[in-house]
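The values are calculated or read from the model by the stated rules, or taken from the named source; none is laboratory data. Please read these numbers as outputs of a predicted model, since none were measured by experiment. All Cβ positions, glycine included, derive from the backbone under ideal geometry; neighbour counts span all protein chains shown. Note: areas computed on protein heavy atoms with side chains; ligands, DNA, RNA excluded. Shrake-Rupley method; radii C 1.70, N 1.55, O 1.52, S 1.80 Å.
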Amino acid sequence: MPGLVIVGAQWGDEGKGKITDLLADRADAVVRFQGGNNAGHTIVRNGKTWKLHLIPSGILHRGKLCVIGNGVVVDPRVLTDELDELRRRRVDTSALRISANAHLIMPYHLMLDHAGEAKLGKQQIGTTRRGIGPCYADKAARLGIRLQDLLDEKILKQKIIVALEPKRLSLRPYAKDPALDLQTMTEEYLTYGHRLEPYIADTTRIVHERLDAGHLVVFEGAQGALLDIDHGTYPFVTSSNPVAGAACVGAGVGPRDIDEIWGVTKAYGTRVGSGPFPTEVDGAFSDMLRERGGEYGTTTGRPRRVGWLALVALRYAARINSMTALAITKLDVLSGIDRLQVCTRYRGAEGAEFEYFPYHQTVLHHAGGEYLEMRGWSEDLSDCHTESDLPDAAREYLRFVAEFVGVPIALIGVGPGPDQVIWTNASQDTVIGRPAATASAGAPEPLAKP
Ligand code: IMP
């Protein structure tokens with residue numbers, strides 16, 4: 001009963017959507033387990049571009065079971081818009097299931113997210129302002145409203161009243177906003193309930209059934225390890241746990257249901273929002289990397305901060321997720337850069353060196369990277385289909401990453417299209433196995449020997 005978790009190994013936006021889409025092809029079910037519509041995937045399929053925020057990208061594979069697990073926070077307006085858009089484009093959505101226990105993002109969560117950021121001023125987190133943090137806060141405070149509550153008007157109304165009570169003061173600036181009116185809100189959410197009812201289910205049991213029948217279930221993480229509320233760069237993090245362990249909690253499976261954990265990382269680094277990013281670069285070089293990599297947020301359109309690949313952070317992410325394989329995306333973006341830098345250590349303000357990801361916020365805020373310079377390559381990689389198609393320098397770069405992190409590379413992205421991907425020799429040893437058509441004759445020395 002293989003369970004495979006896909007997680008982001010950086011600060012989100014690693015290209016997990018494309019990797020999930022590839023693996024979903026071979027999976028029986030795709031399950032999201034945390035986050036909400038703060039995430040965003042762009043998937044290019046058959047020349048068409050899809051942008052999804054909540055619904056797992058597996059939905060584009062006809063009839064594939066797609067689950068929004070109990071650990072996800074759901075904005076029903078966004079979800080119903082996404083369903084409408086998929087239907088408009090003739091995508092069958094009947095195989096979507098949403099956990100009855102997933103929590104709902106309410107209009108006041110959006111207001112509180114805005115107000116919270118405004119109050120923090122210069123210290124703001126740079127949230128996506130989608131109400132994610134306030135919704136998880138209500139969940140922890142046991143004031144949350146869940147999908148199942150949409151199906152009972154009396155309960156829904158009561159729960160809204162109770163949830164609003166402690167927020168009166170913070171919501172005062174929005175007191176006249178019609179979206180806050182109890183009756184309006186209840187009616188709006190009941191309407192969502194009617195629309196979503198066919199999809200609401202006991203998803204934990206459904207996932208168990210698939211696993212017990214020996215099917216491959218892919219658990220799709222959102223955001224990335226360094227945005228984890230416990231293990232990331234707190235407080236500049238999201239309000240959930242994007243690490244692999246959360247797949248168990250957020251979908252209702254046990255650790256022994258997970259067989260493999262794939263970490264997705266770009267060949268360089270990016271981050272949106274505030275917070276430490278020790279390998280960040282600026283000036284003309286960052287503009288070039290941002291333009292080439294199309295580094296603008298799928299959800300907010302914000303330009304992403306860009307930088308070199310931080311191997312100390314990647315090794316940390318590998319460890320806290322117990323990664324079994326790496327997927328490296330956007331290697332093609334590095335073509336044409338003469339000398340590449342990889343960060344193998346951090347240096348603190350007082351000169352102390354860190355081989356490990358510093359746990360202390362102050363240290364991390366003032367840390368810079370210590371780099372190893374590697375030769376770059378000028379070749380366009382977009383037509384590379386096997387490891388041996390890659391220039392020597394690119395293979396050297398990847399081999400160094402895999403050895404430093406101690407995790408084999410199974411997949412390499414060399415362009416946005418679904419075919420612009422290299423399944424490495426190491427992918428053969430995973431539960432996915434390498435698609436037969438992509439096996440490379442006489443491949444060179446494997447990229448990764450941890
Ligand atoms: P929130 O998740 O909207 O509360 O935002 C908290 C932090 O996580 C901010 O720095 C956001 O920019 C960041 N963040 C949230 N979701 C994503 C994502 O999908 N990709 C990248 N950053 C994200």
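Structure notes:
- Criterion applied to Tyr192, Tyr199 was being at pLDDT 95 or above, touching a helix residue (DSSP H, G or I) at 6+ places or on another chain (Cβ under 7 Å) and over 16 Å from Leu112 (Cα atoms), and the one residue passing it is Tyr192.
- Subset of segment 25-56 that is within 12 Å of the ligand (Cβ to nearest atom) and free of Cβ contacts under 8 Å to residues at least 60 places away in the same chain - its residue that is farthest from Pro418 (Cα to Cα): Leu54
- Residues that are modelled with pLDDT of 95 or more and open to solvent by 10 Å² or more (accessible area, probe 1.4 Å), drawn from segment 1-21: Gln10, Trp11
- Per the conditions (1) open to solvent by 10 Å² or more (accessible area, probe 1.4 Å); (2) outside any helix (DSSP H, G or I); (3) modelled with pLDDT under 95, the sole criterion not satisfied by Leu447 is (1).
- Number of the exception - Gly307 against (1) under 21 Å from Thr20 (Cα atoms); (2) open to solvent by less than 30 Å² (accessible area, probe 1.4 Å): (1)
- Selection count where residues are of a type in the set (Gly, Ala, Ser) and open to solvent by 20 Å² or more (accessible area, probe 1.4 Å), scope segment 202-226: 2
- Selection status of Ala222, modelled with pLDDT of 95 or more and more than 12 Å from the ligand (Cβ to nearest atom): no
Condition check ((1) part of a helix (DSSP H, G or I); (2) outside the structural domain of Ala251 (by TED's automatic domain parsing); (3) under 22 Å from Val7 (Cα atoms); (4) touching a helix residue (DSSP H, G or I) at 6+ places or on another chain (Cβ under 7 Å)) across all residues:
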| residue | (1), (2), (3), (4) |
| --- | --- |
| Asn38 | no, no, yes, yes |
| Leu54 | no, no, yes, yes |
| Val78 | yes, no, no, no |
| Leu83 | yes, no, no, no |
| Leu86 | yes, no, no, yes |
| Arg90 | no, no, no, no |
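- If you go through segment 372-410 and keep only what is over 27 Å from the mean Cα position of the chain (by Cα) and closer than 20 Å to Phe354 by Cβ, you end up with Leu372, Glu373.
- Tally, over segment 203-229, of residues that are free of Cβ contacts under 8 Å to residues at least 12 places away in the same chain and under 23 Å from Leu326 (Cβ atoms): 0
- Residues (open to solvent by less than 20 Å² (accessible area, probe 1.4 Å) and farther than 26 Å from Arg195 by Cβ) located in segment 84-143: Glu117, Gly126
- Selection of segment 1-49 for residues being over 28 Å from Pro107 (Cβ atoms), of a type in the set (A, V, I, L, M) and within 10 Å of the chain's Cα centre (by Cα) yields Ile6, Val7, Ala9.
- Residue among Gly294, Gly275, Gly301 that alone is out of contact with any strand residue (DSSP E or B) (no Cβ under 7 Å at 6 or more places or on another chain), among the small types (Gly, Ala, Ser) and more than 27 Å from Leu120 (Cβ to Cβ): Gly294
- Checked against (1) touching a Lys or Arg at 6+ places or on another chain (Cβ under 8 Å); (2) surrounded by fewer than 20 Cβ atoms within 10 Å (Cβ to Cβ); (3) farther than 30 Å from Leu4 by Cα, Phe285 passes all but a single condition, namely (1).
- One residue alone among Ala327, Ala313, Ala246 is more than 16 Å from the ligand (Cβ to nearest atom) and either assigned to a helix (DSSP H, G or I) or within 19 Å of the chain's Cα centre (by Cα) (or both), and that residue is Ala327.
- Qualifying residue in segment 169-185 (condition: closer than 27 Å to Asp228 by Cα, at pLDDT 95 or above and of a type in the set (A, V, I, L, M)): no
- Cβ pairs under 8 Å, 6+ apart, first in segment 6-19 and in contact (Cβ under 8 Å) with a residue 12 or more places away in the chain and of a type in the set (Asp, Glu), second open to solvent by 10 Å² or more (accessible area, probe 1.4 Å) and part of a loop (DSSP other than H, G, I, E, B): Asp13/Val272; Asp13/Gly297; Asp13/Thr298; Asp13/Arg304
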